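Down below is the structure, laid out as structure tokens.
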Amino acid sequence: MPGMFDAFGRAALFALAPETAHGLSIAALKSGMPLCPAPRPDPRLRVSVSGIGFPNPLGMAAGYDKDGEVPDALLRLGFGFAEIGTVTPLPQPGNPKPRIFRLTGDRAVVNRLGFNNEGHAAALARMRARAGRPGVVGVNIGANKDSADRIGDYELGAARFAPLAAYLTVNVSSPNTPGLRNLQGRASLAELLARTRAARDAALEGGTRRTPIFLKIAPDLSEPELAEIAEEVTDKRIEGVIVSNTTLSRRGIADPAGAEAGGLSGRPLFSRSTAVLARMRRLLGPATALIGVGGVDSAETAIEKIRAGADLVQLYTGMIYEGPGIAARIVRGLSAHMDRHGLDSLAALRDSGLDEWAARSIE
Ligand SMILES: Cc1cc2nc3c(=O)[nH]c(=O)nc-3n(C[C@H](O)[C@H](O)[C@H](O)COP(=O)(O)O)c2cc1C
């Protein structure tokens, strides 16, 4: 049913509470209903990052498919990869509802879900059931709110998912689990990265598999904090950084729902998250993988992330506003860009706007 969402799906979904609409969209993907035609594979869009071959650079960000229910359906929409989670060792309900708010005029969302998820066991069972299938599926790991040893929760996540995930994301940047972002501080981060890496290595020992670790950071960090994170990432030989999670800032927000507590995502996050991404590229040099996320909702915004230093790009809020056809539209737009500029690989685009983006203020 191509175009169904465009015709009346968005109006129907927007008449519902955001979390109800989200549940319905997951159910639609689960049902196998053809929601939109996938884009044609384009070899010029293939990228190899940390040893993984991606058919195109656009991924679904964490938080949409928290429990790993529909990664293959997301890939069929045209995404080059899907990141499930955040998953925590034990199931947890998250914060009281309502906890997702649309800021329609701002093309943004505020959420304070608080890592609601079914826990490791449920996601592991689903990952095991799809083991061996093609398609790049990463797993985003986190800590339980009431955990006595939060770093231990990341170790468990790395040990359990390293054999099954294409990559692991260490998420220390959700604003909705009190104290979680403190793990971005230097001493905690050093311990977290060392222990998570060791748990990953132990789980893979003796095999041929390499499962890279990507660290997902907040956009609300200062220049000195970013420099410290980059040093720890380099020192602990972490393969990549995802920039960024949602922001606590409400700068430029007009919608009254901006007053809700939680992390803001979508269009207003684009500029700051892209400027932070470029700084990270500067700090880390050309070899570390960077994934740009925050406010991507078109081929143009995806290209800007790559120009600012991203190897890969992810989105979530864009799909809430544009519907399930967004992945195919962006991928086709990337192909058209390659045509127009006579490019045969994305390598020519990466970092081409680095100076401009890294010069933008993040104060
Ligand atoms: C409703 C919602 C839930 C999210 N849950 C998670 C999560 O569980 N783990 C995570 O790392 N990021 C989570 N995110 C953050 C997104 O992965 C992404 O980093 C952020 O929304 C910025 O991208 P966007 O502007 O394209 O949405 C969530 C975002 C939204 C809107």
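The values are calculated or read from the model by the stated rules, or taken from the named source; none is laboratory data. On a predicted model such as this, the values are computed, not experimentally measured, just so you know. Counting neighbours? That spans all protein chains shown, and the Cβs are built from the backbone with ideal geometry, glycine included. Side chains are part of the model used for accessible areas, which takes the heavy atoms of the whole protein and leaves out ligands, DNA and RNA. Shrake-Rupley method; radii C 1.70, N 1.55, O 1.52, S 1.80 Å.
For the chain, what does -39500 (n - 2.57) per DSSP helix run (n ≥ 4), summed and divided by total residues, give at 222 nm, in deg cm²/dmol to the nearest 500?
On the way: 12 runs with 130 residues, N = 363.
About -11000 deg cm²/dmol.
Leaving out ligands, DNA and RNA, and with a 1.4 Å probe, what % of the accessible surface on region 1-127 is carbon or sulfur?
On the way: 3330 of 5320 Å².
Of all accessible area on region 1-127, carbon and sulfur atoms account for 63 percent.
How big is the convex hull of the Cα atoms of the chain, per residue, in Å³?
Details: hull volume 46.2 nm³, N = 363.
So the per-residue hull volume is 127 Å³.
Ignoring ligands, DNA and RNA, please state the percent of accessible area on region 249-363 from carbon and sulfur, probe 1.4 Å. Show your work: numbers first, answer last.
Details: 2330 of 4380 Å².
C and S fraction of accessible area: 53 percent.
Taking 0.36 nm per residue of separation and subtracting the Cα-Cα distance, what length does fully extending Ala259 through Arg332 add? Please report the intermediate quantities before stating the final value.
Numbers: separation 73, 0.36 × 73 = 26.28 nm, distance 3.66 nm.
Net length gain for the segment: 22.6 nm.
If you average 1/r across every pair of different Cα atoms in region 220-363 and take the reciprocal, what Kirkwood value do you get, in Å? Mind dumping the intermediate values first?
On the way: mean 1/r = 0.0632 Å⁻¹.
Evaluated over region 220-363, this radius sits at 15.8 Å.
Divide, for region 53-133, the radius of gyration over alpha carbons by 2.2 N^0.38 Å, where N is the residue count.
Details: Rg = 14.4 Å, N = 81, 2.2 N^0.38 = 11.7 Å.
Taking N as the residue count of region 53-133, the ratio is 1.23.
Region 289-363: D in µm²/s via Stokes-Einstein (Kirkwood Rh, Cα pairs, 20 °C, 1.002 mPa s)? Kindly include the intermediate steps, with their values, before the conclusion.
Details: Rh = 12.9 Å.
For these conditions, the coefficient is 167 µm²/s.
What is the list of residues in region 72-116 whose amide nitrogen lies under 14 Å from a point 7 angstrom out from the Cα of Asp146, following Cα to Cβ?
Backbone N within reach: 89-95.
How large is the direction-averaged shadow of the alpha-carbon convex hull of region 312-353, in nm²?
The orientation-averaged projected area of the Cα hull of region 312-353 comes to 3.5 nm².
Tell me, in nm to one decimal, what length is gained between Arg10 and Thr208 on full extension, where the rule is 0.36 nm per residue of separation less the Cα-Cα distance?
On the way: separation 198, 0.36 × 198 = 71.28 nm, distance 4.50 nm.
Extra length from Arg10 to Thr208 when fully extended: 66.8 nm.
For region 100-200, what is the convex hull volume of the alpha-carbon atoms per residue, in Å³?
Spelled out: Cα convex hull of region 100-200, divided by residues, is 127 Å³.
Would you mind getting the accessible area per residue of the chain, heavy atoms of the protein chains only, 1.4 Å probe, in Å²? Display every interim value, and only then the final one.
Values: 14380 Å² over 363 residues.
Here the residues of the chain average 40 Å² of exposed surface.
Would you mind calculating the relative contact order of the chain from Cα pairs under 8 angstrom and at least 6 residues apart, reporting the percent as a whole number? Walk me through the numbers on the way to the answer.
Values: 759 pairs, mean separation 65.6, N = 363.
RCO, the chain: 18 percent.
In 5 Å bins starting at zero, report the fraction of Cα pairs in region 168-225 per bin as a rounded %.
Values per bin, smallest distances first: 4, 16, 25, 22, 15, 9, 6, 3, 0.
Using per-residue counts of other Cβ atoms within 10 Å, averaged over each peptide, order 154-167, 126-139, 280-293 from highest down.
Details: 154-167: 23.1, 126-139: 15.8, 280-293: 21.1.
Going by the mean number of other Cβ atoms within 10 Å, highest first, we get 154-167, 280-293, 126-139.
Suppose accessible area is computed on protein heavy atoms with a 1.4 Å probe; arrange Lys97, Lys145 from highest to lowest. Present the calculation step by step, with values, prior to reporting the outcome.
Details: Lys97 145, Lys145 105 Å².
Ranked list, largest accessible area first: Lys97, Lys145.
Between Glu19 and Met33, what is the spin-label point distance in nm, taking each point 7 Å from the Cα along the Cα→C-beta axis?
Those two pseudo-labels are separated by 2.2 nm.
Reported to two decimal places, what Rg/Rh ratio describes region 225-303 when computed on Cα atoms with Rh from the Kirkwood expression?
On the way: Rg = 14.2 Å, Rh = 13.7 Å.
Using Cα coordinates only, the ratio equals 1.03.
Below 27 Å, Cα to Cα, which lysines can Lys236 reach? Residues fewer than 8 away in the same chain don't count.
Counting by Cα, and skipping residues close in sequence, Lys236 has these lysines nearby: Lys145, Lys216, Lys305.
Taking the simple approach of a point 7 Å from Cα along Cα-to-Cβ for both Ser222 and Arg237, what is their distance in nm?
Label-label distance for Ser222 and Arg237, simple model: 3.3 nm.
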